[in-house]
Amino acid sequence: MEILKTILEVLSNSWGITEPLIGYSAVIIGLYYTITTYLKKKKKYKNKSENGRVYVALQVGRPVSEAVKKFFNTNDLVLVDVEAVLGKTTLETDKDYKKLAKAVYRELAKNQDKEIHLVLSGPVGLNFLIGQIAGLNHFDLHLYQFDPVNKGYMELPQPDRTWLKH
């Protein structure tokens with residue numbers, strides 16, 4: 001009984017030191033995780049690989065792979081083709097749009113440590129969905145669309161918050 005009384009007395013006396021120590025530790029750990037989470041959300045993936053660029057093209061409706069290869073002077077092209085993904089040449093349902101948008105996103109995510117040059121050739125709504133998905137991440141993304149005047153591709157500007165005046 002005397003031993004139990006001694007243990008309880010020691011615990012009671014040490015609580016004045018233990019409680020603030022636990023409290024300060026919790027605050028420090030919480031701040032650490034808050035800051036690292038914030039920094040990771042803001043991080044933009046940059047080239048960390050030997051081959052620092054990848055060329056991705058979405059092909060819906062008309063063939064673009066040869067024109068994209070010629071424009072970028074490369075044979076290394078990741079082609080996301082509607083027929084290869086869906087087994088048909090048209091987008092008919094919500095599921096079709098979702099599958100194709102996810103297929104493009106998969107290629108972006110696989111190459112997130114590279115400078116990604118993305119050519120979109122498809123319906124405006126699908127391109128918008130891809131933009132929304134890609135916008136959730138911080139890929140080093142360069143976006144291109146066909147320029148009928150020059151008969152080639154032109155890079156679109158990269159938006160940032162300064163565009164928003166509100």
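Just so it is clear, none of the values below were taken in a lab; they were calculated from the coordinates. Source: prediction; values computed, not measured. Glycine also receives a Cβ, built like all others from the backbone with ideal geometry; neighbour counts cover every protein chain displayed.
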### Query
In a solvent-free Debye calculation with one equal scatterer on each Cα, what is log10 I(q)/I(0) for the chain at q = 0.13 Å⁻¹, listed in the order of the q values?
-0.73
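What's the ranking of 137-144, 80-87 by average number of surrounding C-beta atoms within 10 Å, highest first?
Values: 137-144: 17.9, 80-87: 15.9.
Final packing ranking: 137-144, 80-87.
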### Query
Can you list residues whose amide H is under 5 Å from H138's amide H, if they're 5+ apart or on another chain and H is modeled 1.01 Å from N?
Y45
### Query
Once phi is turned into θ = phi - 60°, what whole-Hz ³J(HN,Hα) does the Karplus curve with 6.51, -1.76 and 1.60 give for every residue of the stretch 70-86, x standing for Gly and Pro?
5, 4, 8, 6, 8, 9, 8, 10, 8, 9, 9, 9, 4, 5, 5, 7, 9
#### Entry: Highest to lowest packing among 62-68, 72-78, 12-18, scored as the average C-beta count within 10 Å
62-68, 72-78, 12-18
## Note on the structure
Between T74 and residues 5 or more places away or on another chain, the pairs with built amide H atoms under 5 Å apart involve none
### Message
Return the Rg/Rh ratio of the stretch 1-43 with Cα-based radii and a Kirkwood Rh.
### Response
1.42
## Note on the structure
Measuring from the longest principal axis of the C-alpha atoms of the chain, the long axis of helix 94-110 (C-alpha) lies at a number of degrees, nearest 10, equal to 70
### Task
Output the relative contact order of the chain, whole-number percent, from Cα pairs under 8 angstrom with separation of 6+ residues.
23
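Taking a threshold of 24 Å on the Cα-Cα distance, which of the pairs K40/K98; K40/K114; K41/K114 fall above it? List each step's numbers first, then the result.
Details: K40/K98 27 Å; K40/K114 17 Å; K41/K114 18 Å.
Violating the 24 Å limit, Cα to Cα: K40/K98.
Take every DSSP beta bridge whose two residues both sit in the stretch 20-166, then give the antiparallel share in percent to the nearest 5. Could you put the intermediate results ahead of the total?
Details: 4 of 21 bridges.
Around 20 percent of the beta bridges assigned by DSSP in the stretch 20-166 are antiparallel ones.
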### Task
Would you calculate, for the chain, the mean residue ellipticity at 222 nm contributed by helices, counting each DSSP H stretch of 4 or more residues as -39,500 (n - 2.57) and dividing by all residues, to the nearest 500?
-16500 deg cm²/dmol
### Angle between the chain longest axis and helix 2-42 axis [Cα atoms, degrees, rounded to 10]
20
### Summary
To the nearest 10 degrees, the tilt of helix 124-135 (Cα long axis) against the first principal axis of the alpha carbons of the chain is 30
